[in-house]
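Below: the structure, in structure tokens.
The values are calculated or read from the model by the stated rules, or taken from the named source; none is laboratory data. Given the structure is predicted, the values throughout are model-derived calculations rather than measurements. Don't worry about glycine lacking a Cβ; one is built from the backbone with ideal geometry, like all the others, and counts go over all protein chains shown.
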Amino acid sequence: MTTNTLKPVLIIGGSGVVGRRAVKALRRLQPRLPIWIGGRDTHKAAALAREIGLAEAVRIDLERDDLGLPPDADVSGVVVLLKDDTLRSLRYAQGRGVPYVSFSDFAFDIGPAVALHARHPTRAPVLLLGHFLGGVMTLVTLHLAREFKAVHSIEMGGVFDEEDVGGPAASGDMERLTKGVPSPLIRHEGRFLWASEEVATRVFHGVDGTAWTGRAYPLLDVPSLAAATDANTVRIDFAVRPVARRPPGQGPGLEVVIEITGETPEGTTKRVRHALVDTEVHSGLSALGAALATERLLGLAGGAPVAPGLYHPESVLDPAYVVERVRESGTRLWTM
């Protein structure tokens, strides 16, 4: 009989809307990984722990340096699926030299975390995962962009159902977004801009040809994709579909159109359109992104544990592997 020597990974916010799905996705990927489901409501966390097995509910207090955990707590990583304004969770991970995942940071949020990493750069791997769908769309886009010798522009348009609003953590993120910064981040003609109202919106066409007016958001996909491809234009715009405009018989779902313009290996300019459609609410793919990032940081898939450093998802995850997992989840991805 073999003994399970894996240390538990701590998932703070693990019983929330995205958290529940992330915990279950991680369990499917890693059946033998112990999981601590952290939060203030240990009743919900305990019920989830019993459901997935090899898990435990722990009460988390972000006002304490030890997070309210016992002095002898020994974790393999810390995954934070809500906004921790205190950054005590990051300090906790650094103090133990274990990987840290920050899931709820917009582009304008990351300064304090970057500063704390710069202060202690060799203590722990820190993954900034404030990307669309937990980094899934950045990895999918990079996979699709590999057909080009050079990428000139990346424009992504997402359509959410108006009933796909997420849970309290998502609502808090949206409130922080609307109050925290008046303008979204885009890359336009080679420059990073906090876009004015005139360029913050864009009309794009959905999978069925419907014209949607979307608004850009300050997500970390923009600097990630710009750094990875050197594209002059990168933007992500979101529109909301009213219930009355759903396709017949379809519940809340998500569609994303990815448009890439670039130079082919033959030297011609080409523009391609790809579609991703998921009949689930968006928290499903977000959870998958968080789970894939966690198993990679811990060295449970894709290579050895990630060394201390500051990372975005494309720094540690293989785009082809992510696309494979996305398709396995039932999400459709095709060229239009």
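Numerical summary
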| quantity | calculated |
| --- | --- |
| Selection from the stretch 94-139 of residues that are among the aromatic types (Phe, Trp, Tyr) and in a helix (DSSP H, G or I) | Phe132 |
| Scan of the stretch 190-233 for residues that are part of a strand (DSSP E or B), more than 12 Å from Met156 (Cα to Cα) and of a type in the set (A, V, I, L, M), ordered by number | Leu193, Ala211 |
| Flag if Ser153 is touching a residue at least 40 places away in the same chain (Cβ under 8 Å) and touching a strand residue (DSSP E or B) at 6+ places or on another chain (Cβ under 7 Å) | yes |
| Residue match in the stretch 103-122 (condition: acidic (Asp, Glu) and touching a Gly at 6+ places or on another chain (Cβ under 9 Å)) | yes |
| In the stretch 267-310, residue farthest from Val257 (Cα to Cα) [restricted to those that are more than 14 Å from the chain's Cα centre (by Cα) and among the β-branched types (Val, Ile, Thr)] | Val306 |
| Where Arg246 falls short, out of the listed (1) surrounded by 16 or more Cβ atoms within 10 Å (Cβ to Cβ); (2) among the charged types (D, E, K, R); (3) at pLDDT below 95 | (1) |
| Residue that is modelled with the lowest pLDDT, among those in the stretch 27-46 that are under 20 Å from Ser89 (Cα atoms) and surrounded by 19 or more Cβ atoms within 10 Å (Cβ to Cβ) | Gly39 |
| Residues of the stretch 307-330 classified as closer than 16 Å to Leu29 by Cβ, surrounded by 14 or more Cβ atoms within 10 Å (Cβ to Cβ) and not acidic (Asp, Glu), total | 9 |
| Odd one out for Ala118, checked against (1) in contact with a helix residue (DSSP H, G or I) (Cβ under 8 Å, 6 or more places away or on another chain); (2) assigned by TED's automatic domain parsing to the domain that holds Arg40; (3) at pLDDT 95 or above | (1) |
| Among (1) crowded, with 20+ Cβ neighbours inside 10 Å; (2) in a strand (DSSP E or B); (3) not hydroxyl-bearing (Ser, Thr, Tyr) - the single one Glu259 does not satisfy | (1) |
| Some residue of the stretch 282-299 being out of contact with any helix residue (DSSP H, G or I) (no Cβ under 8 Å at 6 or more places or on another chain), surrounded by fewer than 17 Cβ atoms within 10 Å (Cβ to Cβ) and at pLDDT 95 or above | yes |
| Among (1) touching an Asp or Glu at 6+ places or on another chain (Cβ under 8 Å); (2) not in a loop (DSSP other than H, G, I, E, B) - the single one Ser315 does not satisfy | (1) |
| Inter-residue pairs, beta-carbon under 6 Å, first surrounded by 13 or more Cβ atoms within 10 Å (Cβ to Cβ) and in the stretch 53-71, second basic (Lys, Arg), 6+ apart | Leu62/Arg88; Gly68/Arg59 |
| Test: residue in the stretch 144-156 that is in a helix (DSSP H, G or I) and under 17 Å from the mean Cα position of the chain (by Cα) | no |
| Matching residues in the stretch 136-156 - criterion: being surrounded by 18 or more Cβ atoms within 10 Å (Cβ to Cβ) and of a type in the set (Gly, Ala, Ser) | Ala145, Ser153 |
| Check on Ser89, in contact (Cβ under 8 Å) with a residue 60 or more places away in the chain, of a type in the set (S, T, N, Q) and outside any loop (DSSP other than H, G, I, E, B) | yes |
| Test set (1) over 20 Å from the mean Cα position of the chain (by Cα); (2) of a type outside the set (A, V, I, L, M, F, W, C); (3) farther than 21 Å from Ala293 by Cα - Asp85 fails condition number | (1) |
